[in-house]
Every structure is written in C-alpha cells, then in structure tokens.
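All remarks here apply to the structure that follows.
Since every read-out is calculated from the coordinates, none of them should be taken as a lab result. Only a predicted model underlies this, so the values are computations on that prediction, with no experimental measurement involved. Quick reminder, even Gly has a Cβ in these numbers, built from the backbone with ideal geometry, and neighbours come from all protein chains shown.
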C-alpha cells in the first residue's frame, strides 16, 4: 500500500542522497554544489553563462564615465553588495575611484538590502534609506514618493536589467543612468551545459537550480539551438523539480509554463534548504511485507539502506510502483524502456527481462519483484 510522506528528519539518510541535481550557476557554483553534496546529492555542473570581468568590461567603464561627466547625481541606487563593491573597485582600477566617490557623496544613496548597505558603508558612504523588505518595488515607491522629475538617478544593476524599475523612473521624469555591473554572456565552452541538458532529457537529473534569469534564458536558448527545447520544457514541467533563487530568476521559465519553486529569501543557502525539503517530498514510498521501500531519484532506500539503481531498472520500478501489486505485461514494460531510452530498436521483451534482473540485484532481494507466469511482473505488494 502507498504510505503518506513522512517528515524528513536529521536522523534519516541525508535528505538529498540518491538525487542528482543540475547546477547552472557560474558565480559561486562550487559553493552551491558543496552545500548540496553536504546533504547527500550528486551534482552535475553545466554553467549556462559567463561573467565578464569588471576590469575588462567596456560597457561598465562607459556607463561610469557617462555618470561622472553628465552632471550632478541626485540619487544612487545600490541593488547588491557584491555589485556595488565591484563597481567601486573597478572604478578605482581605472583611476576613477575617487571621482566616483565624490559624486556619490553628494547624492542620496539608497541601498536595497543589508549587503548593499554594508558595501555602501565600506566605501565610506552613508545610505539615505534602505527598505526593510529588501525589495526593489519598495525602493521604487520611495523614489516616486520623493519625486524624481528632473532628477538624475544612477541605478546599479547586477547582471539582470531592471526594465520596469528604470522605465517607471523615466516615466516620472527622471534621467536614469544604468550601471551594468557583472554582465553575462554565454559560456566559453557550451559542452557541460549541453551534457546537462542531455542528462535531463535522459531522466538522469531530478532537480535543476537557477540563480539568475540570464542563466535560465541561456538554458532555454541552448536547448532551442540543439532542437530539444520542447522535450526539455516537457521534462521541466512534468518530471524535474526546478528551483530558482527568486521570482526574477524564475521569470524566463514561468513565462513558458514551467513551475519553479523559490525560497522566501533570495539566498543560495535558502535555495538549498528549500530543495532539501521539497525534493524528498516527491519520493514514492511503499510498504512491502512490512518493509519500507522509498523511491528516490536515482536510488532507493530499502530497510534504511540507500541502494543506487541504474536508470533503466529505475524506470521499470517507477512503472511498477505506480500501480503497486498489479501486473504489468512485458510489452507494457518494453514500452516504458522505449520511452526512457528514446529509441525503438533493441528494446524488446528480452531487454525487459535483463532490466528486471538488474533491478532485483540493485534491490538486494529478488522476491520484491515477482514474476507472474505468462503475464509479466509485479511488486510484492498485496492488492487493496
């Protein structure tokens, strides 16, 4: 019989053990992967973007020069700590650091959150105001309430354009200077990302994480270039858990009907905690003759022991677990293998027998998968 999903506790096997998770991040990818591995996950890296070094970014230099030469600045918006700090350091490297700080001291500096506030103060500046919500929307409301008509506003970006924010200020009569800190482009080597997409389509990835909207857009663009966009969207909509660090990051995916889980706080630590709670809740749990069997992404937990299961046998196990105790015919299970492998040739009843043998070996108890003569196979679960 099917069991209710129990609450995951620290005393159990690591919450992400048996799951394979894709990481598309470029910056802090190793840190993100390590947090997942610490919780038992297997991690596949496929960086979807490349960060252009600040010192080499001609667009940032041009925007900074424009800011300095275009007249006084009335408001300066710091959206992220690392972005604001990087901007000041890059300006210093170009010999413009002191001029930039002098201009910003005469402006009302607004900091979106604590990290941005810390970077502002580290630069020797004092913020005029910072929203408790850490939301750009509240920053915008503050500026519109104060009034920006005829004012010059510098908005420090962080890889993602703030189109609605900027357009609202311009519509209110402000001159907005966008400071594009940390611009992103496609990866130098697309191979790891292409292999990650292949793994998703092959059913070898249980969850995929995104920490920026450009990374999400890059994954979709890469899949489209490979002619695999629709199969990828189907996998992300129906089978793979998609986790984004925030709603802006999720935008390119949700606009195409892909459900995205986001933590309450837009932090990578919160993202991993959300993943460690949500992914185990999707596990299938069965009781077979008083023994617990839990189907995780690429493994099972049987009698409290984690047992890896190869992809094809796992596909059969999931099919059998979908109707526990009922017989599935060999032709039906051959169809499961064909859908799993994406090919028709070489997938017959003999392939089913081979996969069942491998499944029994992986489970460590052949009696769990029973042969029903001339009919097929079933899990050893009593029918209700």
For this session: Under a 10 Å cutoff between Cα atoms, tell me which one of 55, 217, 299 has the largest fluctuation in the Gaussian network model of the chain.
Result: 55
Seminar exercise, completed: Listing 184, 94 by rising number of other beta-carbon atoms within 10 angstrom, fewest first, gives 94, 184
Problem set entry | Between helix 229-238 and the chain: long-axis angle, C-alpha atoms, 0 to 90°, nearest 10 | 70 degrees
Seminar exercise, completed: Expressed to one decimal in nm², the mean projection of the alpha carbon convex hull of the range 58-182 is 6.6 nm²
Problem set entry | 5 Å-binned pair-distance histogram of the range 284-379 (Cα, whole percent) | 3, 14, 27, 27, 18, 9, 2, 0
For this session: Return one number: the angle in degrees, 0 to 90 and rounded to the nearest 10, between the long axis of the Cα atoms of helix 311-322 and the longest principal axis of the Cα atoms of the chain.
Result: 80 degrees
Exercise. Roughly speaking, what is the stretch gain from residue 30 to residue 255, that is 0.36 nm per residue apart minus the C-alpha to C-alpha distance, in nm to one decimal?
Worked result: 78.1 nm
Exercise. Dividing the convex hull volume of the Cα atoms of the range 170-313 by its residue count, what figure in Å³ per residue is obtained?
Worked result: 163 Å³
Problem set entry | residue 199 versus residue 307: modelled label distance in nm, points set 7 Å from Cα along the beta carbon direction | 2.5 nm
Exercise. Can you give the percent of C-alpha pairs in the range 288-339 whose distance is more than 18 Å?
Worked result: 35 percent
Exercise. Looking only at Cα atoms, what is the convex hull volume of the chain per residue, in Å³?
Worked result: 153 Å³
For this session: Assuming R0 = 25 Å, can you tell me the calculated FRET efficiency for the pair residue 135 and residue 339, based on Cβ-Cβ distance, to the nearest 0.05?
Result: 0.05
Seminar exercise, completed: Contour minus Cα-Cα span, residue 106 to residue 373, at 0.36 nm per residue, comes to 87.6 nm
Exercise. Could the peptides 130-137, 195-202 be put in order, highest first, of the mean number of other beta-carbon atoms found within 10 Å of their residues?
Worked result: 195-202, 130-137
For this session: Using label points projected 7 Å from each Cα along Cα→Cβ, tell me how many nm separate residue 68 and residue 238, to one decimal.
Result: 5.7 nm
Seminar exercise, completed: Expected unfolding gain across residue 323-residue 221 under the 0.36 nm per residue rule, minus the alpha-carbon gap, is 33.0 nm
For this session: Output the relative contact order of the chain, whole-number percent, from Cα pairs under 8 angstrom with separation of 6+ residues.
Result: 17 percent
Exercise. What is the order of 249, 354, fewest Cβ neighbours within 10 Å to most?
Worked result: 354, 249
Exercise. Could you state the number of Å between the C-alpha centres of the range 281-336 and the range 144-215?
Worked result: 41 Å
Exercise. Hey, got the Cα dimensions of the range 102-236 along the principal axes, in Å, largest first?
Worked result: 56, 33, 28
